Amino acid sequence: MDSFKNLWPVFFYKDIRKRKLVLYLQKIYKHCSYMITKEKIKEVALQHGADLVGISSLERFENAPVGFNPKDIYSKTQSVIALAIRVPSETLYAENPVPFTHMNNLAVQKMDLITYNISSSLDRLGLKNVLIPTDDPYLYWNKEKQEGRAILSLRHVGLLAGLGKLGRNNLLINKDYGSMIQIGAILLPEKFEPDPLAEYEVCPPKCRICLDSCPQNALTGETVIQKECRQLSTYVTEKGYTIKKCFECKKRCPRVLGIS
């Protein structure tokens, strides 16, 4: 019994050392997100199938409408990842709108899955994050104006992360892929250096092709009158299917496939 008492300080000392080691490892794990670089984030995104990746600082969203700032979604936000995948383009030129509608639906599903996989991988690396849905659902709806707003404008996320610029058709246009892209986003609670904004011009000078080809006159050159646009862009058939019956502003744009 006495010999056991004599050994107690040794066991206690070892236990203290173990506790200190555990606390040290926990501290490392807690702060390991700081060791994840911007380059690592982009590597993970590309590995999971993103074709374009950019990062924006929170400060670039200072002009976002009240309630639609990344901070309104996730108060810890310091940076925003913009993601995009290229969408095959030939369905634009099919005489029937169903193939384009189906392609668009599949692109939304694919982008959501890619965003989830990137979010999951970053989480395993210790970088906590909040993913944003690629399309619906959203909360804001003005019934009279038939106007909806996503919780975060992905077009503006892409703009502010340097993936492209907004055309007169109100679409994000990338220099390599044009407007045939589907966009996703992830909010980060850590600060990363933002990517430079795109400096190229996407619309030819004085071009009005998209404005003049819109059968609903829904384009102003700066925004979309959703009430007019929705009558054809989210057309509901007699059986109740929703199809994109009109996408002339995208199809007729000379930059639909890029600016090179």
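Observations, loosely collected:
- Total lysine pairs whose alpha carbons fall under 12 Å of each other in segment 33-192 (8 or more apart, or interchain): 4
- Amide H contacts of Glu147 (H built 1.01 Å from N, under 5 Å, at least 5 apart or other chain): Asn142
- Alpha carbon centroid spacing (whole Å) that separates segment 51-101 from segment 181-260: 12
- Nearest-20 debye value, the chain charge dipole, Cβ charges on Lys, Arg, Asp, Glu: 800
- Option label - Rg/Rh (Cα atoms, Kirkwood Rh) computed here, alternatives (i) 0.93; (ii) 1.39; (iii) 1.17: (iii)
- Relative contact order for the chain, counting Cα pairs under 8 Å that sit 6 or more residues apart, in percent: 22
- Mean ellipticity per residue at 222 nm, deg cm²/dmol - from DSSP H runs of n ≥ 4 across the chain, formula -39500 (n - 2.57): -11500 deg cm²/dmol
- Applied to segment 134-149, the Karplus parametrisation 6.51 cos²θ - 1.76 cosθ + 1.60 on θ = phi - 60° returns per-residue 3J(HN,Hα) values of 6, 9, 5, x, 9, 9, 7, 8, 9, 5, 4, 8, 6, 10, x, 9 Hz, with x for Gly and Pro.
- Cα-centred dipole magnitude for segment 45-102, charges only on beta-carbon of K, R (+1) and D, E (-1), debye, nearest 20: 240
- Global geometry of segment 112-260, whether rounded, prolate or oblate, following the gyration tensor of its Cα atoms and the 1.5 cut on a/c: oblate
We did not get these values from a lab; they are worked out from the coordinates using the rules stated. Computed from a prediction, not measured in an experiment: that's the story for all the values here. Cβ: placed from backbone, ideal geometry, glycine included. Neighbour counts: every protein chain shown.
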